[in-house]
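Heads up: the structure comes next, in structure tokens.
The values are calculated or read from the model by the stated rules, or taken from the named source; none is laboratory data. Computed from a prediction, not measured in an experiment: that's the story for all the values here. We place every Cβ from the backbone using ideal geometry, glycine too, and count neighbours over all the protein chains shown.
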Amino acid sequence: MHLTNYAINKNSDDFVRDDECGSKRKLATVCSWLEEHGYDVKKMWMNIEVQLVRFRVKILVEFLMNVNIKERCWVAQCMNIH
């Protein structure tokens, strides 16, 4: 079994449940903090989306390169993702 710090600490009397300074914050709170400190959150999400698309394309290319069309089977190999 894998226990995260949160799984262990959430039952502690010292655990802080606070969106502003606690150890488990909502994503909206983090985005608000970033905006308040001058970060372009829309640009950040766009960059994340671009990286996800690149990752998907890389996986697709690697997959297609390892498919034996005549045999209709996938040749299992390790993939390097850069």
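Could you please tell me which pairs satisfy a Cβ distance under 9 Å, a separation of 6+ or placement on different chains, a first residue in region 13-29 that is farther than 21 Å from V41 by Cβ and part of a loop (DSSP other than H, G, I, E, B), and a second residue that is of a type in the set (S, T, Y) and at pLDDT 70 or above?
Within 9 Å, the pairs are F15/Y6; S23/Y6.
Rundown of residues vs (1) under 21 Å from the mean Cα position of the chain (by Cα); (2) surrounded by 10 or more Cβ atoms within 10 Å (Cβ to Cβ); (3) at pLDDT below 90, yes/no style:
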site	(1), (2), (3)
A7	yes, yes, yes
R25	yes, yes, yes
C31	yes, yes, no
A76	no, no, yes
N80	yes, no, yes
